[in-house]
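Notes follow once the structure below has been shown.
The values are calculated or read from the model by the stated rules, or taken from the named source; none is laboratory data. Note that the structure is predicted; figures quoted are calculated from it, not measured. Ideal geometry is used to build each Cβ from the backbone, glycine not excepted, and the neighbour counts take in all protein chains shown. For the accessible areas, the whole protein counts, side chains as well, though only heavy atoms, and no ligand, DNA or RNA atoms are used. Shrake-Rupley method; radii C 1.70, N 1.55, O 1.52, S 1.80 Å.
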Amino acid sequence: MASLSVKPGQRFTLLDWQNNSRLISANAEQQRFNSHHIRQEGRVLRNDTGNQAKWDEHNSRTNLKDRITTVDKWREALAKCLTDIDLEIDALSKVKEAAENAIQAKNLCLDVAIECLTFRESRRDIDVVRDPVEEELHKEVKVIEKTKKDLQQRVDDAFRQLCLLKEARQQLSCDHRHKVEALELDRQCVSFNPTSGNISFKVNPTRIPDGTTALQEWELNSRRNKERADAELKASVDLRGAITLTIAQTNNELDAQRIATEFALRKRMRDMEAALSELRWQEKNTLEEIAEMEEEIRQLEENIKKRTLDLKVAHTRLETRTYRPHIELCRDQAQFGLTDEVQQLEGIIRALQQKRTESQDALDALYRQLHHIQTDIGYKTNSLQLDNKCMDTRRKLVVPVEKFDPEVDAVSRTRNLPRESQLELA
């Protein structure tokens with residue numbers, strides 16, 4: 001007869017077995033709760049750090065772009081100042097050459113006067129008298145010598161001013177070159193992104209390099225260079241005017257009405273140039289706004305496409321759920337959520353379409369305004385050319401005695417004073 005085999009070892013009660021099962025279940029639920037909590041914290045941390053990183057990068061990029069704009073304004077101001085100095089050096093050199101030619105021309109007058117006096121020394125007996133002719137000849141000699149002295153002084157002043165202009169130009173050129181290099185580096189920094197191939201960790205990147213200057217010192221240096229250049233430009237313009245006036249006074253061929261008319265023309269040309277400058281500034285800003293508005297419309301259209309796709313997904317989900325069988329076809333929370341999503345998406349799409357229509361209307365208005373600005377620029381450019389032709393035609397009224405360069409007056413009248421070329425920098 002077979003016997004019942006008993007498994008050796010400890011035997012647990014049914015209560016122990018039940019408690020063990022409940023303990024395992026409780027531990028599992030606790031571990032899942034802990035895991036869920038950690039996952040939620042990780043998600044929050046990822047979102048927070050991701051947003052913070054994006055905003056920090058956005059702020060850095062914005063600061064770099066603002067810095068590029070500031071430096072570029074200074075670069076443009078310095079470049080214009082350099083152009084003005086180059087034009088002024090050329091104009092002053094021509095005026096200096098004209099004064100030297102005027103001195104040479106006075107030598108002939110002096111030789112003639114002295115020769116006349118020498119001839120009159122050959123008079124004899126009672127004819128050797130100090131008559132009005134001799135007195136006028138001696139007076140003419142004195143006037144010519146004084147004129148030559150005044151012109152020589154002007155030539156010396158022009159030489160010294162040319163040296164000052166070239167020195168100021170050297171400083172401006174160096175400052176302008178440095179700003180071009182800085183702009184290139186900052187634009188390179190703006191172009192960097194996480195996918196760039198030339199990014200890497202650097203040793204102590206937050207260090208302050210030797211020779212670093214404060215922002216106020218940087219701006220003060222550029223402003224000082226420009227102000228000095230403007231001062232030298234104004235002094236040169238004044239000197240050119242003085243030299244031209246001296247040459248004109250020695251020739252004694254001034255005409256009051258001609259000066260008044262040319263002054264009015266010069267003022268008109270300056271006003272026209274100022275208006276053209278303002279219109280070109282408006283044209284540039286309008287073109288920039290058009291580009292930004294076109295980009296905004298593109299973004300709106302992309303968002304409409306994205307939201308349309310989202311709406312299609314929601315519609316498909318709702319339609320698919322209508323095929324649930326029998327009792328499963330209930331209005332559950334998912335159904336309410338999908339319905340709300342459809343309504344929200346339809347409202348969003350309508351708002352985006354409305355905004356796109358408004359943006360397109362604004363873009364059309366900008367194009368119309370741009371056409372108006374460009375048309376006005378054409379009108380004013382034509383008027384300025386006509387005024388220049390008037391100036392060139394009026395030069396026929398001036399018949400100089402001395403052989404001085406006729407291009408001097410043209411350069412003088414087409415140059416703006418430095419105070420008109422100042423760039424307002426905030």
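Name the residue that is nearest to the chain's Cα centre (by Cα), counting only residues in the stretch 301-321 that are loosely packed, with under 12 Cβ neighbours inside 10 Å and at pLDDT below 90. This residue is 316. Within the stretch 322-380, restricting attention to residues that are in contact (Cβ under 8 Å) with a residue 60 or more places away in the chain and among the hydroxyl-bearing types (Ser, Thr, Tyr), the residue that is least open to solvent (accessible area, probe 1.4 Å) is 359. Scan the stretch 155-164 for residues that are open to solvent by less than 60 Å² (accessible area, probe 1.4 Å) and of a type in the set (A, V, I, L, M, F, W, C) and the total you get is 3. Inspection of the stretch 128-140 identifies at least one residue that is charged (D, E, K, R), over 25 Å from residue 250 (Cα atoms), at pLDDT below 90 and surrounded by fewer than 12 Cβ atoms within 10 Å (Cβ to Cβ). If you go through the stretch 276-300 and pick out every residue that is surrounded by fewer than 15 Cβ atoms within 10 Å (Cβ to Cβ), within 16 Å of residue 364 (Cα to Cα) and not acidic (Asp, Glu), you end up with 4.
Would you mention how many residues in the stretch 258-275 are open to solvent by less than 50 Å² (accessible area, probe 1.4 Å) and modelled with pLDDT under 70? Of the residues in the stretch 258-275, 6 are open to solvent by less than 50 Å² (accessible area, probe 1.4 Å) and modelled with pLDDT under 70. In this structure, does residue 167 turn out to be under 20 Å from residue 70 (Cα atoms) and open to solvent by 50 Å² or more (accessible area, probe 1.4 Å)? Considered against the rule, which asks whether it is under 20 Å from residue 70 (Cα atoms) and open to solvent by 50 Å² or more (accessible area, probe 1.4 Å), residue 167 comes out as no.
Within the stretch 62-82, the residues that satisfy the criterion of being within 9 Å of the chain's Cα centre (by Cα) and polar (S, T, N, Q) are 69, 70.
Hey, could you check the stretch 200-253 for residues that are basic (Lys, Arg) and surrounded by 13 or more Cβ atoms within 10 Å (Cβ to Cβ) and say which is nearest to residue 89 (Cα to Cα)?
Result: 240.
Looking across the stretch 1-48, just one residue is at pLDDT below 80 and β-branched (Val, Ile, Thr), and that is 6.
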